[in-house]
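**Q** Please find one structure pasted underneath; my questions will follow.
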Amino acid sequence: MASPKDISENQRKISIKVRKGVFVYAIFFGLLLFLKPGFNSNLDFESIGNYLIIFFIALMLFLYSQSKSNSNWFRIDFLFLIGFSIVHFQWPAMFALSGISPENIARVWVNSNYVNYGVWLSVIGIISWMIGYNWSKPVEIEKDKIESFDTKKLVFLAYASFFLFLAFAGKDYLTGGVYKGTGGSAAGEGISVYIRLVFFVSIILLTVLEITSKAKSYQGNLFKWFLTLNKGYLLLTTLFVLLFLSVGDRSEPIGLVIVGLVFVGTYVRPVRLREFLLLFIVGALVMTLISLGRSESTGIGLLTEGFSKFEFTSGYDVTLELANSVRTLYMSLSNVPSNTGFFYGQLWLGDILSPLPFAQSLLLSVSNIKAHELGSAGYITYLTFGSNPQSGEGTSLIGDIYLNFGSLGVVFFMFLFGMMLKKITNASFQCLDMKWVIGFGVMASLCFYISRSGLFVSTRSMVWALAFFVFFVTRMKK
């Protein structure tokens, strides 16, 4: 066992490394300020290439420094950076490195005069995030502080909400109609939307509690350890993942799988880099096949149909759907502030109020705010399609912050987001309070896709998960 003197010396060395890391990222930040492009400028592959080189060097340094304190590669900072890179940099990188532009160039670039600034803003935003994330030193995982809980009521809630969702979702959803163009909603219909949210939050919370409470029983065989988990939980998880994937619904099964793997890698056994890469590649291919096949089929035929349509011409193919989300950033830049002013937080109200049912409707009824002005996704959809859209555009993390507080807001809020994510990570590692571990689980469920969401997208899941923990979970006496 290490002596207090050895621990103190180790902590001192870590603190020095943290300060050095922040200093290096600050240099990158200053260099980006020097290389800032005009807000409206001709598309320039050389400038874009320079910004991407700075990002790549910073990314490699970040991953190297994190690997020194954490041998697990299936972690939320790494997954967030992968998702962020795909959304904000894949198309610019393809253009700068090989001259490849989107087939529907006007659809993705929107206005090519804003691409240089969009890439620059994304790079300086993620550098700010790295500074924030490195502001606090890493800590060791303290498994001995993990508690055990009685989750019988939570399991009942998860099963009840799952089968209620199936009863209310409608035929169009359960047969994948929304993806075939025959009708329905991707979230079900009417009250089933709320029931689905209750189920997803409850199954995420169950995953967090099951894995952490059984973490100390791991004895070298991951498969045997996996079978020690609550059988009711395992059955429900399997039913959920298979059913949702069979109708072509991917985001929530992916979120649940990511939570499970992040918590296994964090509390049970570290996931090695080669294991992570294998899981990521296989997962990306399966999700691509589901995306290609869901417009024609459901069930096992969905994968078969996906295979028949699949054409693997480069490594870019499997992430193009995610990469196309960058158009929302360029749409934001091309309209604000030239056509309208910044929203100063108004576009965050939808997510902030989302934990309270009907709160958004109440706000709309007592204010002059329009429905599409409650969130950046709605506003960007309005900019693209007008007042009566047939589909949604979504948003992007940098675009969401920019619409609210401009370029300075991107720097400030990305810095805070990095600090917040590191605080949640450190507090959950130390098991300071179960609320931090639950928050860590919620962020894990969103970390890969949050780059094409708003900054406060986790609000409802976070509040509901903590409420479910209070009302449906009992702490077991030691």
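The values are calculated or read from the model by the stated rules, or taken from the named source; none is laboratory data. Every value quoted in this text rests on a predicted model; they were computed, and no experiment measured them. No Cβ is skipped: glycine too gets one built from the backbone with ideal geometry, and neighbour counts run over all protein chains shown.
**Q** Looking only at the stretch 428-478, how many residues end up being within 17 Å of the chain's Cα centre (by Cα) and of a type in the set (S, T, N, Q)?
**A** Of the residues in the stretch 428-478, 6 are within 17 Å of the chain's Cα centre (by Cα) and of a type in the set (S, T, N, Q).
**Q** I'd like to know if the stretch 301-315 contains one or more residues that are hydrophobic (A, V, I, L, M, F, W, C), within 27 Å of PHE78 (Cα to Cα) and modelled with pLDDT of 90 or more.
**A** No.
**Q** To continue, here is another question. Which helices (runs of 4 or more DSSP H) does the stretch 16-128 wholly contain that include 3 or more residues that are touching a residue at least 60 places away in the same chain (Cβ under 8 Å) and among the polar types (S, T, N, Q)?
**A** 45-69
**Q** Could you please find all residues in the stretch 35-82 being among the small types (Gly, Ala, Ser), under 30 Å from VAL264 (Cβ atoms) and modelled with pLDDT under 95?
**A** SER65, SER67, SER69, SER71
**Q** Is it true that some residue in the stretch 450-471 is at negative phi and touching a strand residue (DSSP E or B) at 6+ places or on another chain (Cβ under 8 Å)?
**A** No, the stretch 450-471 has no match at all.
**Q** Any chance you could count how many residues in the stretch 223-242 are exposed (fewer than 11 other Cβ atoms within 10 Å of the Cβ), assigned to a helix (DSSP H, G or I) and of a type in the set (A, V, I, L, M)?
**A** Count: 0.
**Q** Oh, and also: Filter the stretch 337-359 down to residues that are within 16 Å of ARG460 (Cα to Cα) and among the small types (Gly, Ala, Ser) and give me whichever is farthest from the chain's Cα centre (by Cα).
**A** Only one residue fits best here, namely ALA359.
**Q** Among the residues of the stretch 133-180, write down those that are in a helix (DSSP H, G or I), modelled with pLDDT under 90 and either over 30 Å from GLY248 (Cβ atoms) or not hydrophobic (A, V, I, L, M, F, W, C) (or both).
**A** Hits for the stretch 133-180 are LYS143, ASP144, LYS145, LYS171, ASP172, TYR173, GLY177, TYR179, LYS180.
**Q** Check whether at least one residue in the stretch 92-112 is surrounded by fewer than 19 Cβ atoms within 10 Å (Cβ to Cβ) and in contact with a Ser or Thr (Cβ under 6 Å, 6 or more places away or on another chain), and report yes or no.
**A** yes
**Q** Of the conditions (1) at pLDDT below 90; (2) touching a helix residue (DSSP H, G or I) at 6+ places or on another chain (Cβ under 7 Å); (3) in a helix (DSSP H, G or I), TYR194 clears all except one; give me its number.
**A** The number of the failed condition is (2).
**Q** Sticking with this one: May I ask you to say which residue of ILE258, ILE254, ILE290, ILE203 is closer than 15 Å to THR151 by Cβ, among the hydrophobic types (A, V, I, L, M, F, W, C), assigned to a helix (DSSP H, G or I) and in contact (Cβ under 8 Å) with a residue 40 or more places away in the chain?
**A** Matching residue, one of ILE258, ILE254, ILE290, ILE203: ILE203.
**Q** Still on this structure, I have one more. Of all residues in the stretch 363-383, which are within 24 Å of the chain's Cα centre (by Cα) and among the polar types (S, T, N, Q)?
**A** Within the stretch 363-383, SER376, THR381 meet the criteria.
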